[in-house]
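Right, one structure below, let's go through it.
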Protein chains: 2
Amino acid sequence: MVKEFEQLMKHIDKVTAFQTALTLFEWDSETLAPEESMELTSKTIGILSNEYFTGLINDEVKKLIEKLSGSKKQEELDFNQRAIIKNLKKTYEEMEHIPPEEYQAYKELTAKAAGIWAKAREKKRFDDFAPCLEEIIRYQKKFAGYRLKSGRSRERGIRLPYDVLLDDYEEGFNMDILDEFFEKIKGTVIPLLKEVAKKRDTIDKTYNHLYYDIEKQKKFCRFISGYTGFNFNRGVIAESAHPFTTNLHNRDVRITTHYFDRNLESAIFSSIHESGHAIYEMHIDDTITQTPVGTGTSMGMHESQSRFFENVIGRSEAFWTPLFPKLKETFPQQLKDITLDHFIRGINKAAPNLIRTEADELTYPLHIIIRYEIEKMIFAEEIGIEELPKIWNKKYKDYLGVEPKDDGEGILQDIHWAGGSFGYFPSYAIGSAIAAQIYYHMASIMPINDYLKEGNLTPVREYLNQHIHKYGATKNTKELLTELMQEELNADYYIRYLTEKYGRLYDLDV
Amino acid sequence: MVKEFEQLMKHIDKVTAFQTALTLFEWDSETLAPEESMELTSKTIGILSNEYFTGLINDEVKKLIEKLSGSKKQEELDFNQRAIIKNLKKTYEEMEHIPPEEYQAYKELTAKAAGIWAKAREKKRFDDFAPCLEEIIRYQKKFAGYRLKSGRSRERGIRLPYDVLLDDYEEGFNMDILDEFFEKIKGTVIPLLKEVAKKRDTIDKTYNHLYYDIEKQKKFCRFISGYTGFNFNRGVIAESAHPFTTNLHNRDVRITTHYFDRNLESAIFSSIHESGHAIYEMHIDDTITQTPVGTGTSMGMHESQSRFFENVIGRSEAFWTPLFPKLKETFPQQLKDITLDHFIRGINKAAPNLIRTEADELTYPLHIIIRYEIEKMIFAEEIGIEELPKIWNKKYKDYLGVEPKDDGEGILQDIHWAGGSFGYFPSYAIGSAIAAQIYYHMASIMPINDYLKEGNLTPVREYLNQHIHKYGATKNTKELLTELMQEELNADYYIRYLTEKYGRLYDLDV
């Protein structure tokens, strides 16, 4: 092995270990840790985070990355090693231009912000959160400014602060690309939604809110996670307030679900969704797990996997054909009069609503577009903080036809901004679009609906494993898509998917 | 604050953070981690352990401890700070005389040994484990040899290898003290057991092995942990193969239980036992938690707390007087004909048996004495590894009147030696003896049985909190006992306790 690479990996193994410990603490705090523990555990987390930072950002590591980036050394490295260097260079440049004391202050700010946001949301008062949000935005702009001056930004032709952030979450994506992407979607979804609205009440969903015993739900959700492809030898399922997936490495992937006794769908589809994320992480190749490229390549690609399983196949009639009898067997009373067709219409019912996380597939991208447009305005300095709720509410009215009664069901609903995650929301829509694009490609090479009807998900999973999962972050989204289907992200598939699906469900003339 | 102390604490805070992370990984692996995860997680654990070791054992820390041990600096430190320095000096001297590469090799050996031991136990073949055990003993003797040459051993008058190990687990204890302690116990327990044996069959315990629904057991055990004093805001209960307690700090203390559907007692008493450990850790003073002295002072003292709750009060009629109706209510069918008196005799039934962890209170110390005597022989170089099973079996015959059919229920039953824990077993008996001694002292200053009958455990817990728990490891066992009752450990109380209790239960003339 190249000597410098070996030296570098000693540092990286150490920071990976700190990162893994931090992941475990995070998992533990979301799923199990006692109520009063955080006050003291946060000290441990603070120290580990600091060790992570100083272990990664230091002169020795910097020199090694520089050496290994040289064209002669690059030739000596293999594919995975080059990907690791590229990835580290990116991480490094993201961080090294930020003065450590500012980064520290920013971290402390966002640590506190979560609490301030939660209280403001509870009281439904944006004003309580605004000063804190303003401060976070100030830091974000400042950091983006530093990074615009970096060699990396110049090399990549990134010239605007918001583009810096978009590129962080999805390499190679910027406002030019996303503007076109979202405009296309808006142009289709808003009129489609109006058509759907006329026929909305033809779908009955009362069965979903009968009483469903939680122990029985748990059993069924465990079954459906396994059915989807969750490997229990390499993973565990627990409960938390909000479902999520996390992983220590490819042999330890964890998901959570939240059960409601008056909502049958919620836990089932969050189980499939998180299983989709988990399947991705469980199939990262052994040669790269526990390295910086040993995880999903981007948020968008990750969401494409979870949404492919949850929505594209998980809400289809083919998928439920072999499963619906089992669900009826689990809840014979509640589902007595519900046919498969009724159930499929129920789980796909579209209705404009104020809350992103409760949105159906059709209205979901509109929630994202609203956030994207507002973030663009923030970073273009077009608006003051105090104007945000008004703009938010107006966009909901214009695009979805609904208006928040208060900030709690409006601008305060997402935690993302409190954590400084600007440029993150588009990933959700990118994920949905990729999922649709993958579906049509898959359908062109295999009889996917026949497989689903037969309860045979193996060909589907193997396609994803072989073309996407195993590569982890050694290839970015653009590279993966292009290699797989000789085409980059193309919103047309997503539009076709939504149009066909909702046209069929609501018997529309589209 | 003294400048050097502040500098030292920066190092200590860091190693404490690594230690806390290691504790969480251990908890996670025992309670939740997926089956295949350990192969990769062990890399993370290895790196964190190494960071812990090098963060603690280095010249800078050594110099600071030396400076702070000087008499002038000592005067400037407060009580807790002096205790921290004393404790670190001990830890330091335990480790610094061992060459790091030997320590590393030894760690790798014991990491593998657990698996070898488990397989040998399964196959019931001591020979499969013997070479590994011999190697562990070789290291232990070598390390003890290094440490005998240290200033600390010389200062403390420790001259024999086994005394080094005994002093590690219980400061100030050595073979002279323990020989006398165990001889006294043997002299009482062996004859008492013979008397009991004659009347053993007067006690019926078949009710204990009826079918007991596990969900109902869980509910009752959670209740009884809370009743005993487990604070659920600062702790959680999970399940694992073998019950244990662990803690990240005084606001995060965790216990496990294991439920059997054909054994009512098992989970109940392990819940009370682990709650006893947990109550100790939950009441360590806020000023010392997350420092090296922020945990129970010794294994023996810890066991005294768990055994006090589990056995001394937890198996008494007074304790169960307010609780037994609730237990009967939980299992009305199974306990229909069982009276409180019957139940108390049942849970205290004494019968010689081959397995330490299943032993009753009366025979328990004999299991410990056998291990103590064998460990003494090992470190006095009196015996070869191959002779161990024969000696083991003979001692069981002589002291308990039972003989193992194979090594699985004989010398291979405990994991301790595979982990290199020699000198550890006596702590269990010391714990039982301290529990009895504390009981008589407590009874001399408060109407403890009246309190128990009234379901009022507060005075009992507050006595323990105020005199033992809050001090953590700032005082050692000898100091705590002497300050509390003007007397060191005295086996007479333990003997009196066993004699009175079993005399009463079996209507003996003692």
- Report yes if residue A:200 is touching a Lys or Arg at 6+ places or on another chain (Cβ under 8 Å) and of a type outside the set (Asp, Glu), otherwise no. yes
- Condition set under 17 Å from residue B:17 (Cα atoms) and either facing chain B (nearest Cβ under 8 Å) or of a type outside the set (S, T, N, Q) (or both), scope the range A:28-43, selection surrounded by the fewest Cβ atoms within 10 Å (Cβ to Cβ): answer is A:39
- Message: Among the residues of the range B:248-261, are any surrounded by 19 or more Cβ atoms within 10 Å (Cβ to Cβ), away from chain A (no Cβ under 14 Å) and touching a Phe, Trp or Tyr at 6+ places or on another chain (Cβ under 6 Å)?
- Response: no
- Note on the structure: (1) free of Cβ contacts under 8 Å to residues at least 12 places away in the same chain; (2) within 19 Å of residue B:58 (Cβ to Cβ) all hold for residue B:78 apart from (2)
- Task: May I ask you to list the residues in the range B:121-159 that are touching a residue at least 60 places away in the same chain (Cβ under 8 Å) and within 24 Å of the chain's Cα centre (by Cα)?
- Result: B:121, B:133, B:136, B:137, B:139, B:140, B:141, B:144
- Query: Out of B:270, B:275, B:266, which single residue is closer than 19 Å to residue B:466 by Cα, part of a helix (DSSP H, G or I) and not aliphatic (A, V, I, L, M)?
  - Reply: B:275
- Task: Of the conditions (1) more than 24 Å from the chain's Cα centre (by Cα); (2) in a helix (DSSP H, G or I), residue B:370 clears all except one; give me its number.
- Result: (1)
- Query: Just checking, which of B:111, B:105 is closer than 28 Å to residue A:236 by Cβ, surrounded by fewer than 17 Cβ atoms within 10 Å (Cβ to Cβ), out of contact with any strand residue (DSSP E or B) (no Cβ under 6 Å at 6 or more places or on another chain) and more than 14 Å from chain A (Cβ to nearest Cβ)?
  - Reply: B:111
- Go through the range B:65-97 residue by residue and tally those that are surrounded by 14 or more Cβ atoms within 10 Å (Cβ to Cβ) and either farther than 29 Å from residue B:284 by Cβ or aromatic (Phe, Trp, Tyr) (or both). 2
- Message: Can you confirm whether residue A:116 is within 24 Å of residue A:385 (Cα to Cα) and in contact with a Cys (Cβ under 6 Å, 6 or more places away or on another chain)?
- Response: yes
- State whether the residues of the range A:379-396 include one that is farther than 24 Å from residue A:241 by Cβ, of a type in the set (Gly, Ala, Ser) and surrounded by fewer than 19 Cβ atoms within 10 Å (Cβ to Cβ). yes
- Of all residues in the range A:119-156, count the ones that are under 21 Å from residue A:424 (Cβ atoms), surrounded by fewer than 14 Cβ atoms within 10 Å (Cβ to Cβ) and not charged (D, E, K, R). 1
- Among what's in the range B:216-246 and is among the hydrophobic types (A, V, I, L, M, F, W, C) and in a strand (DSSP E or B), pick the residue that is farthest from the other protein chains (Cβ to nearest Cβ). B:237
- Message: Among the residues that make up the range A:437-446, is at least one of them in contact with a Ser or Thr (Cβ under 7 Å, 6 or more places away or on another chain), surrounded by fewer than 22 Cβ atoms within 10 Å (Cβ to Cβ) and hydroxyl-bearing (Ser, Thr, Tyr)?
- Response: no
- Read through the list (1) farther than 25 Å from residue B:249 by Cα; (2) under 28 Å from the mean Cα position of the chain (by Cα), then give the number of the only condition that residue B:50 fails. (1)
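Out of the residues in the range A:44-59 meeting the condition of being among the polar types (S, T, N, Q) and within 13 Å of chain B (Cβ to nearest Cβ), tell me which one is surrounded by the fewest Cβ atoms within 10 Å (Cβ to Cβ).
Residue satisfying both the conditions and the ranking: A:54.
Give me the residue from the range B:282-308 that is away from chain A (no Cβ under 14 Å) and in a loop (DSSP other than H, G, I, E, B) and, out of that set, farthest from residue B:461 (Cα to Cα).
For the range B:282-308, the residue satisfying everything is B:292.
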- Message: Of the residues B:93, B:51, B:108, only one is in contact with a Ser or Thr (Cβ under 9 Å, 6 or more places away or on another chain) and under 25 Å from residue B:20 (Cβ atoms); which?
- Response: B:93
- Message: For the range B:6-27, which positions are more than 7 Å from chain A (Cβ to nearest Cβ), within 30 Å of residue A:282 (Cβ to Cβ) and buried (at least 19 other Cβ atoms within 10 Å of the Cβ)?
- Response: B:18, B:27
- Query: Of the residues A:204, A:213, which is more than 25 Å from the chain's Cα centre (by Cα) and either within 14 Å of chain B (Cβ to nearest Cβ) or of a type in the set (Lys, Arg) (or both)?
  - Reply: A:213
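Every number in this text was worked out from the coordinates using simple rules, so none of it is lab data. As the structure is a prediction and not an experimental result, all values here were calculated from the model. Note that each Cβ is placed from the backbone with ideal geometry, even for glycine, and that neighbours are counted across all protein chains shown.
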